[in-house]
Amino acid sequence: MNEMNTEGYVTEDGRKIGGVVMEMRNITLRFGGVVAIKDISFDIRQGEIRAIIGPNGAGKSSMLNVISGFYNPQVGEVWYKGERRPQMKPYQVARQGIARTFQNIALFEGMTVLDNVMTGRLRHMHAGLVAQSLWKGRAEAEEVKNRESVEKIIDFLEIQHIRKTPVGRLPYGLKKRVELARALAAEPSILLLDEPMAGMNVEEKEDMSRFVLDVNDEFGTTIALIEHDMGVVMDLSDRVVVMDYGKKIGDGSPDEVRNNQDVIDAYLGVAHD
Amino acid sequence: MIDDDRHLGTFDGGGIAGKGDRFAQADKGGDILGQSSQAAEGMASVPALLQRNAERFGTRPAYREKEFGIWQSWTWAETEKEIEALALGFLNLGVDEGDFVAIIGRNRPYFYWAMVAAQSVGAIPVPLYQDAAAEEMAYVMGHCGARFAVVEDQEQVDKVIEIQEELHQFEHMIYVDPRGLRKYDHHKLHIFADIQEQGRAAYWEFIEDLKERRGKLDYDSICVMLYTSGTTGKPKGVVLSNRNIIEASRASAEFDNLTEHEEVLAYLPMAWVGDFIFSVGQAYWCGFCVNCPESADTMQIDLREIGPTYYFAPPRVFETQLTNVMIRMEDAGRLKKWLFDVFMEHARKVGPAILDGKPVGAWDRAKYALGHALVYGPLKDTLGFSRVRVGYTAGEAIGPEIFDFYRSLGINLKQLYGQTEASVFITVQPDGEVRSDTVGVPAPGVEVEIDENGEVWYRGPGVFEYYYKNEESTKKTKTEDGWVATGDAGFFEEDSGHLRIIDRAKDVGKMADGKMFAPKYVENKLKFFPNILEAVVFGDGRDACTAFINIDLNAVGNWAERNNIGYASYQELAGHPRVLDMIQQHVEDVNRSLSEDPMLSHCQVHRFLVLHKELDADDGEITRTRKVRRGVVAEKYGDLLTALYDGSKEISTTTEVTYEDGRKGSISATLEIRDAAVVDVADDKKVAAE
């Protein structure tokens, strides 16, 4: 199944995918007696769009939480950029360049879109307390620089018209886009998207898919996403991990996964013809 | 009333004038009008104006565009460099004299530069509507045989690629926004900035050629070709010369004292003649700054930030803004609402008079000044109209309340009447002579006449050269000596000398006693009431006028709710006696206002009924753009029409309806017919048509 070499591979549409950036080795995660993830291994390569799919309760979100450092697996290792990652707090993981969005939007409702996206720049702000309070020197220069990169993302995601609108007043689809903007503002090397299309109508899904593809294309960001919508996953991703009851039952290109009998049985349903 | 949908009678399929004939044709008409080919101030083309501006206004801003949250600006000197680089790039790419260059995108400096750069190398810019359907774009680009296109982004690139197979001559496409386009085949696809870069690199190779081509441009060479959007038949390419554009811009700029200090916001489609005159013609003539919004959605925010001094919008924009203000005032605190009501009432009373410089009492002036500090000023700021010195509305009739609202705030909103074939200006309202029901006096240098059928004709320096590859339509519209038929019926008011547009000429009829019947004019008056959605007035060949009325379900439903009137369906609401009372009042108000009008007092509505169903495009009663199909309605509701004229009090009828999924059904109803009071007008009042 994994016939690619360490140098990476070339996708159907001609994108070059690089070496492994992140590798999960034999991860097992338990909550008391409940085993959420059972001995799962897979890798994420530089520049690819990697999807994790599976039915409800398959352990997809738990997997994402392991990647983002929110959960620590009892067994197994997380390797990031060629090094084994020690146990870390989520903010430490974020500082390493892994940004994420949430299934249930987690934005600051009372703040404007611009301010929300600016919070994503946190890891690029280094000015001290005094400089910040006096608004002199480094603080000012940093803010200008950060604002500039935030504006580029606002432009990219086409949310200029709501720049100064408090997030609480926005409809769901736009909030999702703002969350993506905030994650992008961190200039992550890996972007984790937890059900980016959940609760969206067809048009919003199409918009979001386009943005995900454009982000990958324009910034070369590696993207790992969890998604329910099979159509979306198959169109977007380069490689797909399929989970069921905490186990990995498939891994490969969308076509390989689509034709995998285990996957068909477990997730797509058994064909009755 | 700028209406692109004029004289579209029949389309002959195009292609009569051969491709090479276009320059030969360009000379027609000019000399007959007695115009010399002497250009105004020696400026014979837009590129020449650009060079003048770069010298005269070098450090003043020419363009601004909001990007990344900041207004980026280009001075005239910088603009000249940008355009020169692009023009050299065009030469490098092989753009020939006489080539057509399609421009497809929203208002951005790059596209304005592309138009002037195309002119600089002797090519002809053809701006297109960026939201046009692919087949419409294919028709236009095929019709003019465009070899080059400058487009905005992936969306347009995809669209042009889709239609490319039908376009044999088409060669190169240049795009501004590279997003998503990296993987495309770039043999014939170029990035805007790269073309400019190549142009700069090849400076010494092409600069002489560029200078030579620029030098050849004169008053008779083609400035731009604009396609009129046709609702019937195919679009027609209106060819406008440098003379047309520069003379029209010069005259109108002088008329309103426009200077290099104006600020305009360019947000109306670039394919529309109005935008070309305001954002290119007048901007280059005066040297003022054209501001481009960040995106279509931010227009209102950008408008407020820029605070334009010169502004143009169709009535619907003003209408939407007014509605937004009213809704927000409904939600405002009691004190604010009270202030708003009190001072707006006062503004309505004295505002327009103060604006027109008419005598107003000291007390009223003081109260108005206080109102300005408390209400009008902040409101104008919110709307983005704080600095508007001259504002225009055109395109269709504007409701008097809407018009008066803006004028009472002290915004100098005026009306003009124009069309593509006239390079916009036919008539305009001078300061101090502004009314909602006229379109003003003939624009400077324009002659306007009314023929025996009441149709408006004009001629002047802005009159177009010809329709591209469509000699037949040209002949039908433009006479040998330069007069152009507008397709609209109107008349000049005797005392004020202002033109009033009544109706499309083909809709105007005669009543039994030979007086003019103008249904659209009466219908518009009725439709200014929010409760009336649609009205169809009958009277051609009859003794008296009658009307079908459609209520507006939102407005009337809202009113019913507030007045505790229960209803279960549209039909029930439409037939409710109190609704009929209300509509009757509206009709009688209209009759009163018509009676004061010597030309149209006989068009008062004697009897009316409220239809039991909404006129619907699915039933073919109105077009998809909501224009009533008079003939279809009259035929389909023949029984109702008969009842309106035979004096009956009510009528039972059954109507076939088509549902959205194509199924058919029928509804029956008994409709009450009401008599509306009419005002008697002495018959011997003299009616003048000129």
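Each reported figure results from applying straightforward, stated rules to the coordinates on display, with no laboratory input. Every value quoted in this text rests on a predicted model; they were computed, and no experiment measured them. Don't worry about glycine lacking a Cβ; one is built from the backbone with ideal geometry, like all the others, and counts go over all protein chains shown.
Peptide packing: for B:45-55, B:440-450, the average count of neighbouring Cβ atoms within 10 Å per residue gives the ranking B:45-55, B:440-450, highest mean first. Between region B:356-389 and region B:294-349, the alpha-carbon centres lie 14 Å apart. In terms of the Cα gyration tensor, with a ≥ b ≥ c the square roots of its eigenvalues, is region A:74-189 rounded because a/c is under 1.5, prolate because a/b exceeds b/c, or oblate? Oblate, since a/c reaches 1.5 and b/c is not below a/b. Taking the fewest neighbouring Cβ atoms within 10 Å as the starting point, the ordered list for B:Leu553, A:Leu193, A:Leu114, A:Leu225 is B:Leu553, A:Leu114, A:Leu225, A:Leu193.
Which of rounded, prolate or oblate describes region B:199-266 when judged by the alpha-carbon gyration tensor and an a/c cut-off of 1.5? It would help to have the intermediate numbers written out before the result.
Working: a/c = 2.01, a/b = 1.28, b/c = 1.57.
Taking the square roots of the gyration eigenvalues as a ≥ b ≥ c, region B:199-266 is oblate.
Comparing A:Arg100, A:Arg258, A:Arg50 in a Gaussian network model of chain A where C-alpha atoms under 10 Å apart are linked, the largest mean-square fluctuation is found at A:Arg258.
Under a 5 Å amide H cut-off, with hydrogens placed 1.01 Å from N, A:Val240 pairs with A:Ala51, A:Gly252, A:Ser253 among residues at least 5 apart or on other chains.
Specify whether the C-alpha gyration tensor of region B:46-259 places it in the rounded, prolate or oblate class, a ≥ b ≥ c being the square roots of the eigenvalues: rounded for a/c under 1.5, otherwise prolate if a/b is larger than b/c and oblate if not. Judged from the Cα gyration tensor, region B:46-259 comes out rounded (a/c under 1.5).
Based on other C-beta atoms within 10 Å, arrange A:Thr112, B:Thr642 from fewest to most. Mind showing how you got there, number by number?
Numbers: A:Thr112 17, B:Thr642 11.
Ranking A:Thr112, B:Thr642 by Cβ neighbours within 10 Å, fewest first, gives B:Thr642, A:Thr112.
Here's how it looks for B:Tyr63: its modeled amide H is under 5 Å from those of B:Trp74, B:Val290, which are all 5 or more places away or on a different chain.
Note that the protein assembly as shown shows a convex hull volume over its alpha carbon atoms of 238 Å³ per residue. In region B:46-259, the DSSP beta bridges split such that about 45 percent are antiparallel, to the nearest 5.
Take every residue in peptide A:145-151, count the Cβ atoms of other chains within 10 Å of its Cβ, and give the average of those counts.
Numbers: counts 0, 0, 3, 3, 1, 2, 4.
Counting Cβ atoms of other protein chains within 10 Å of each residue's Cβ and averaging gives 2.
Taking 7 Å steps out from each Cα toward its Cβ at B:Glu166 and B:Asn257 produces label points 5.1 nm apart. The fewest-to-most ranking of B:Tyr184, B:Tyr417 by surrounding Cβ atoms within 10 Å reads B:Tyr184, B:Tyr417. Once the Cα-Cα distance is subtracted from the 0.36 nm per residue extended length, the B:Val679 to B:Asp540 segment shows a gain of 48.0 nm.
Provide the percentage of antiparallel DSSP beta bridges, counting only those with both residues in the protein assembly as shown; round to the nearest 5. Working shown, then result.
Values: 79 of 128 bridges.
Around 60 percent antiparallel, to the nearest 5.
Pairs with C-alpha atoms separated by more than 28 Å, drawn from the list A:Lys176/B:Lys336; A:Lys81/A:Lys248; B:Lys380/B:Lys414; B:Lys159/B:Lys475; A:Lys175/B:Lys66; B:Lys506/B:Lys636, are A:Lys176/B:Lys336; B:Lys159/B:Lys475. Packing order of peptides A:61-73, B:106-118, highest average first: B:106-118, A:61-73 (average count of other Cβ atoms within 10 Å over each peptide's residues). Annotation: amide H-H contacts under 5 Å for B:Ile673 (H modelled 1.01 Å from N, sequence separation of 5 or more, or interchain): B:Glu650, B:Ile651.
Simple spin-label estimate for A:Gln96 and A:Arg169 gives 4.0 nm between the two label positions (7 Å along the Cα-to-Cβ direction from each Cα).
When chain A is treated as a Gaussian network with alpha carbon springs shorter than 10 Å, the biggest mean-square fluctuation among A:Met243, A:Met234, A:Met197 belongs to A:Met234.
The distance linking region A:174-251 with region B:431-504 is 58 Å (Cα centroid to Cα centroid, whole angstrom).
Distance distribution P(r), region B:509-689, all Cα-Cα pairs, bin width 10 angstrom from 0: 9, 37, 36, 14, 3, 0 percent. In terms of Cα to Cα distance under 14 Å, which aspartates and glutamates are near enough to B:Lys520, apart from those fewer than 8 places away along the same chain? Filter leaves B:Glu396, B:Asp437, B:Asp488, B:Asp503, B:Asp507, B:Glu534, B:Asp540. Legend: mean number of C-beta atoms from other chains within 10 angstrom of residue C-beta atoms, peptide B:67-75, equals 3.
For chain B, return all DSSP H helices satisfying: extent of Cα atoms along own axis at least 24 Å; mean Kyte-Doolittle hydropathy at least -1.0. Qualifying helices, which must be both long enough and hydrophobic enough, are B:76-93, B:334-355, B:577-595. Legend: mean number of C-beta atoms from other chains within 10 angstrom of residue C-beta atoms, peptide A:155-161, equals 5. Cross-link reach is defined here as a Cα-Cα straight distance under 15 Å, omitting same-chain residues fewer than 8 places apart; for B:Lys367 the aspartates and glutamates meeting it are B:Asp341, B:Glu345. Taking the Cβ-Cβ separation of B:Ala40 and B:Asp96 as r and a Förster radius of 30 Å, what is the calculated FRET efficiency to the nearest 0.05? It comes to 0.60.
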